[in-house]
Structure formats: structure tokens, C-alpha cells
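First the structure, in the form of C-alpha cells, and then the observations on it.
The values are calculated or read from the model by the stated rules, or taken from the named source; none is laboratory data. Predicted, not measured: the structure shown is a model, and the values here were computed from it. Neighbour counts run over all protein chains shown; Cβ positions are idealised from the backbone, glycine included. Ligands, DNA and RNA are excluded from the accessible area calculation, which covers all protein heavy atoms including side chains. Shrake-Rupley method; radii C 1.70, N 1.55, O 1.52, S 1.80 Å.
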Amino acid sequence: MTIAVIGTGYVGLVAGACLAETGSQVVCADVNRQKVDQLKQNVLPMYEPGLDALVERNQSQGRLTFTTDVGAAIASASVVFIAVGTPPDEDGSADLTHVLAVAEQIGADQQRELVVVTKSTVPVGTAIRVRAAVAKRSRFPFHVVSNPEFLKEGAAVDDFMKPDRVVLGVDSDYSRRVMSELYAPFVRTGKPIIFMDLASAEVTKYAANGMLATRISFMNEIAGLCEKVGANVDLVRKGIGSDSRIGPSFLFPGPGYGGSCFPKDVQALIRTSGDVGAPMLVLRAVEEANASQKRRLFEKLSSALDGRLAGKTIAVWGLAFKAQTDDMRESPALTLIEAVLAEGASVVAHDPAAMPEAERRLGARISFATTNYEALAGAHALVVVTDWNEYRYPDFERMKQALSSAVIIDGRNLYDSDRMRSLGFTYHAMGRGNA
Ligand SMILES: NC(=O)c1ccc[n+]([C@@H]2O[C@H](COP(=O)([O-])OP(=O)(O)OC[C@H]3O[C@@H](n4cnc5c(N)ncnc54)[C@H](O)[C@@H]3O)[C@@H](O)[C@H]2O)c1
């Protein structure tokens, strides 16, 4: 069976490479010629642990190919995955232009009975629109499937190869059988394939991201409360995370969520729920809380420096919206950096993976350091934004010597407050009101 994956971004490339890894013949198509040319040379458009080896192996063994000829990819396939972007429209709703354009092209170029799988994150009701778009020019039977993707950037290959579950919205026995076969290699340990109707699958993706964003914002607000009342959010987190009804994941306070998914999916769900007369007040609050949280690092920095930032140098560790990725979309680091620059201070930043992306976005407005220690030279404060492993256990003496004043704002609670103070740092973490 030949599979075509249309769109080779984070989702399409990971899906294509992982499907090829289990033996399928996969052609990945993208309209971005430069991306495709580079992929043919095994040069990936992003940093994602383990993905380069997968692409190289499957490409060299002939199971994975790349093309800009979307029509030819569709013509060769029995299953087509739509994995193009769904950026937010001006009103916050998901922009379906790319998804529907691909759907029309599928109808025009299909050469046999086809399963059309939407992997992009799309609002409820999109399957019906995809079906109508394919039908415009289709000459063969086809089946629409909604297969939301739950991978995490930074752990995407593992998440795809060993998913907690696979969600499949189907409306025919044919597509149910084909998709069961396709995903069988990924659920051998007994993880479930959950079949459902198309609308429920579409809602499931947004419900998952809405829930996770809510947990993050809830904990960020609990952290704010802890600071005011002399409590420690790290202990509160353990106290509630050990409750089996709550569980330990996504309870770490931080500088606010970012990335390509949570912000836009929360917005889109607010929009959809409002449109159908079932407004989600919780999510509006989540969005508001997150916008305010993304200002917290700057507020803490400004207060630590008595509001006098002009002319100072601020070191920033971490630019990506989270560790193990070079993705800076909606990163809290950008909010911090813009606020610092607006005060007339300068920024020296380090990130193990995202500096090329930061340079593309910020150009010469900030400087970049080759190592995290180099970023500290002469700086008046350090702000830790991303929890990269290499920032977790640094040489504190070296840091103190390099900084011109030993002020640290730790947006990820990486260090022990007592230890930092005993070493002579002015140290501020998130939600530690008692330390
Ligand atoms: N990034 C994530 O972690 C993640 C996780 C789950 C779901 N999703 C969802 O998956 C979808 C894709 O996300 P992404 O991060 O991979 O996006 P991306 O922007 O990284 O990649 C999208 C790709 O689609 C290509 N494209 C656009 N129009 C095309 C067309 N007509 N024909 C062929 N190619 C076309 C673009 O050139 C680009 O390479 C989005 O709906 C997103 O919400 C993303």
C-alpha cells in the first residue's frame, strides 16, 4: 500500500518517516521546494531528536521519498494524509485554506479508491467540508477519516511510534479496516485504537489541548498564589500530583505555554464553541491567564533590578518554547526579550538548538553566545526561560564570577532556593513564596 503525506512540517514529516519505518511505502509531498530539496539530502527543516536517523534510513532503503509534485503523490496512493498547517485566522478560528485546497487536489488526482485522512488539527465539522471538497472532482470512491495527532515536539518520534492511543474518526468499514492495518504496528503493546465518529475525533484533539493548557495555566495561577501566601508550589505540585485522580503531568509552573499548538488551538476552540452557542468560559480565562503569565519573567526581572533596566545587559538561557526543540512560535522568551529591549537593555542569549531560529526572527536586535556561560559575561541578571537539561546542574561558582551582578530569575524552578542564596545569588523562582 502506498501512503502519501501532504505537508512535511513537524507532523507530516514525523508521520511519514514513522509509517515508512514500519514497512509502508511513503511519499511525502510539500509545496516548499527548498524544504523538499533539503529533505532529499537528509537535511531536516527542524530539530527533532531521532528524526534525522529515521529519515535517512528509510530514504536510503527506498521506502520514503520526497516530492514537490503533490498531484503525482496523490495519484500513487491508496491512503492520503493531509498534514498541512492550520494557522489561526484573524478571528482566532483555524484557517482551513491549505487543508481544503489539498482536499480538492486529492479529488482531482486520485486514481483509485482512497482513504483521505485529516491529520492537521481542524475544527469540528471540517470532515464534512473535506468530503465536499474532494467530491468536487473525484471520479473514484473515497472515505474521509479524522486522525488527530497528539505528538509532542521534542519527543515526536517516540510519541508516534509508541502512542498512548490512536484516535480514529471513521464512517465506513473500509476505512476502519485500512486504518486498523496501518496502525497495528504502533499498538502492539496493547495501547488502544479508539474508533469514533468524525465529529468526536475532531473535538477530541481540541479537548486534549484545551485540557493541557488549562492544567498549565491553573498551576501557574497556583504558583502566583503561593508567592503571596508563603507556600511552595513545588510541594503543592507533589501534593496534588500524587492524587490518582489528578496525576503528575503538566503541573510544573513556568513562564506560560507557547508553541505552535496550545495558543492557536485554545483560540480556535474558544471561537468554535462561541459560534455554536456553547461558549467555553474556562478557556477564555486560560488564554487570559497565559497572556499575563508570559509577562511574569519580565515583571520579576524588573522588580529584582528595581525597575532600572536601561543600559543593562540581560542574559537569557533558553529561547525555544520548550526543551528539545528549536521551535520558537509563541515562545515566552520572545515576550521577555521584547519587554527587555523596550526598556533600553540589551540581551545576550543562548539556546542549544533555537539560536538560528532566533537569529531569523530577531536578527541583530540581540546577541548570541556560543555557550551558556559565555552569555553571562558582564550581564546584570540571568533569566532561565527554557528547561534544557544542560541548564539543570551548572557550575554556580563560574556563573557568579561571570555575572556582573548575581541575579537569577528562574522561570523553570531548576535550582534550590536555599542553596542559591547561600552561594550569594539573588534568586527568584516561580511560586516559591516560602523560599
Ligand atoms: N507541531 C505539532 O506539535 C503538532 C502536533 C499535533 C498536531 N499538529 C497540527 O498538525 C498540522 C501541521 O502542523 P505542523 O506543525 O506540522 O505545520 P508546519 O507549518 O510545520 O508544516 C506544514 C507544511 O505544509 C506545507 N503545505 C502547506 N500547504 C500545502 C499544500 N497545498 N500542499 C502541500 N504542502 C503544503 C507547508 O509548506 C509546510 O511545510 C497543524 O494543523 C497543527 O495544528 C501539530
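Rounded to the nearest percent, how much of the accessible area of segment 98-206 (1.4 Å probe, protein heavy atoms only) is carbon and sulfur?
Ligands and nucleic acids excluded, carbon and sulfur reach 52 percent.
Length gain on complete extension for the stretch Arg360 to Ser404, per 0.36 nm per residue less the alpha carbon to alpha carbon distance?
Length gained between Arg360 and Ser404: 13.0 nm.
Using the heavy atoms of the protein chains and a 1.4 angstrom probe, tell me the accessible area per residue for the chain in square angstrom.
43
Defining a contact as two alpha carbons under 8 Å apart and six or more residues distant in sequence, what relative contact order in percent does segment 243-331 show?
Here the relative contact order equals 37 percent.
Taking K and R as +1 and D and E as -1, what net charge do the other residues with C-beta under 13 Å from the C-beta of Ser405 add up to?
Net of charged neighbours comes to +2.
Under a Cβ-only charge scheme (Lys and Arg +1, Asp and Glu -1), can you give me the dipole magnitude of segment 346-435 about the Cα centre, in debye to the nearest 20?
In debye, rounded to 20, segment 346-435 gives about 220.
Within the set Lys119/Lys264; Lys119/Lys294; Lys294/Lys322; Lys119/Lys152; Lys152/Lys205, which residue pairs have Cα atoms separated by over 18 Å?
With Cα atoms farther than 18 Å apart: Lys119/Lys294.
Suppose R0 equals 41 Å. What FRET efficiency, 1/(1 + (r/R0)^6) with r the Cβ-Cβ distance, do Ala72 and Asp395 give to the nearest 0.05?
Here the calculated transfer efficiency is 0.15.
Rounded to the nearest 500, what is the 222 nm mean residue ellipticity of the chain from helices alone, with -39500 (n - 2.57) per DSSP H run of 4+ residues and division by all residues?
Result for the chain, helices only: -13000 deg cm²/dmol.
Using label points projected 7 Å from each Cα along Cα→Cβ, tell me how many nm separate Ile246 and Val187, to one decimal.
For the pair Ile246/Val187, the computed spacing is 3.2 nm.
Over the chain, calculate the relative contact order: mean separation of alpha carbon pairs under 8 Å at least 6 apart, over the residue count, as a percent.
This gives 12 percent for the chain.
When the chain is fully extended, how far beyond the present Cα-Cα distance does Thr97 get from Ala377, taking 0.36 nm per residue of separation?
96.1 nm
In debye to the nearest 20, how big a dipole does segment 211-320 give about its Cα centre with +1 on each Lys and Arg Cβ and -1 on each Asp and Glu Cβ?
200
Per the 1.4 Å probe, what fraction of the accessible area of segment 320-405, in percent, lies on carbon and sulfur atoms?
Percent of accessible area from carbon and sulfur atoms in segment 320-405: 47.
Provide the FRET efficiency to the nearest 0.05 for the Leu281-Lys152 pair, computing r from the beta carbons and using R0 = 25 Å.
In this case the efficiency is close to 0.35.
Taking the chain on its own, what percent of its Cα-Cα pair distances exceed 38 Å?
It works out to 28 percent of all Cα pairs.
Give me the net charge for the shell around Asp306: Cβ to Cβ below 15 angstrom, other residues only, Lys and Arg +1, Asp and Glu -1.
Net charge in that neighbourhood comes out at +1.
Lys and Arg at +1, Asp and Glu at -1: add these up for the other residues within a Cβ distance under 11 Å of Gly259 and post the number.
0
Rank-order 95-108, 295-308, 180-193, 326-339 by packing density, defined as the average count of other C-beta atoms within 10 Å over each peptide's residues, highest first.
Ranking, from highest mean packing down: 326-339, 95-108, 295-308, 180-193.
State the extension gain, in nm to one decimal, for the chain segment bounded by Asp306 and Lys162, taking 0.36 nm per residue of separation less the distance between their alpha-carbons.
Fully extending the segment from Asp306 to Lys162 adds 46.9 nm.
Using the charge dipole of segment 225-303 (Lys, Arg: +1 at Cβ; Asp, Glu: -1 at Cβ; taken about the Cα centre), state which of Pro255, Gly241, Asn290 has its Cα farthest towards the positive end.
About the Cα centre, the residue reaching furthest to the positive side is Pro255.
Nearest-5 percent of antiparallel DSSP beta bridges in the chain?
5
Assuming R0 = 56 Å, can you tell me the calculated FRET efficiency for the pair Val229 and Ile128, based on Cβ-Cβ distance, to the nearest 0.05?
Plugging the Cβ-Cβ distance into 1/(1 + (r/R0)^6) gives 0.65.
Only four residue types carry charge here, +1 at the Cβ of Lys and Arg and -1 at the Cβ of Asp and Glu. Report the dipole size of the chain about the Cα centre in Debye, rounded to the nearest 20.
Magnitude of the dipole: close to 380 debye.
Evaluate the relative contact order of segment 1-111 (contact order divided by residue number), counting alpha-carbon pairs under 8 angstrom at least 6 apart; express in whole percent.
Across segment 1-111, relative contact order equals 33 percent.
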